[in-house]
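J.: Dropping the structure in here first, questions after.
A short reminder: the numbers here are calculations on the coordinates, not readings from a lab. Treat the numbers as computed from the prediction; the structure is a model and nothing was measured. Neighbour counts are summed over all protein chains in view; Cβ atoms, including those assigned to glycine, are modelled from backbone coordinates with ideal geometry.
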Amino acid sequence: MMNRLFGKPKPETNALQTLDKLNETLEMLEKKEKVLLKKAGQEVEKAKEYTRSKNKRAAIQCLKRKRLYEQQVEQLGNFQLRIHDQMIMLEGAKATTETVDALRSGASAMKAMQKATNIDDVDKTMDEINEQTENMKQIQEALSTPIGAAAEFDEDELEAELEELEGAELEEQLLQPTTVLPSVPAGRQQARPIPKRTAEEEELAALQAEMAL
């Protein structure tokens, strides 16, 4: 009933819960080990006291209990070692499971992408692009083709007429008279024009004339 309501627990959740349980058990065993070691130490102290008081039998009993405690400590040590081993294996299995899940997700994503980009679909798309490109070229050629009266003009006749116009223009240029500049008699040079003085220069000249008087 609970599985129907909440679904089955994920393996990762179970692994984490198991690791927590193992950690708790390990801590409990370590505490028991400390208690047993303390009791074993107390039995040793008691045995020493009985030895001082010449109570050999009581001292031997203390040593027997000490050995029992030590046996339990050794047993607890083996338990802890097994738990550590189990934790290492579980952590490794958890890492392996996570890796496999990641690889499985990647493979599924790759498969989905390959399915979405089927080679047949790619070829079909390229054919459509080429077809549309060819159609556009034909449309452009149709639009650039002369229609009506312009389509009836002979290109050879137009070129011949253009050559006649160019020849007539060249002949007209050759028939134009050449402009000859008047020659200057030998030994005479053209008089240089006197530069016109500015208003400031005229005022300066008048001032110099007054000072000369």
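J.: From the residues in the range 55-71 that are more than 15 Å from GLN42 (Cα to Cα) and either of a type in the set (Lys, Arg) or under 60 Å from the mean Cα position of the chain (by Cα) (or both), which one is surrounded by the most Cβ atoms within 10 Å (Cβ to Cβ)?
T.: Residue satisfying both the conditions and the ranking: LYS56.
J.: Please list, ordered by first then second residue, the pairs with beta carbon atoms under 8 Å, 6 or more apart or interchain, first in the range 95-112 and under 21 Å from LEU16 (Cα atoms), second assigned to a helix (DSSP H, G or I).
T.: Note: pairs meeting the criteria are THR97/PRO11; THR97/GLU12; THR97/ALA15; GLU98/GLU12.
J.: Which count do you get for residues in the range 18-44 that are β-branched (Val, Ile, Thr) and under 52 Å from the mean Cα position of the chain (by Cα)?
T.: Of the residues in that region, 2 qualify.
J.: Test MET110 against the stated conditions and say whether it is within 30 Å of LYS32 (Cα to Cα) and out of contact with any Leu (no Cβ under 7 Å at 6 or more places or on another chain).
T.: Taking the combined requirement at face value, the residue does not satisfy it.
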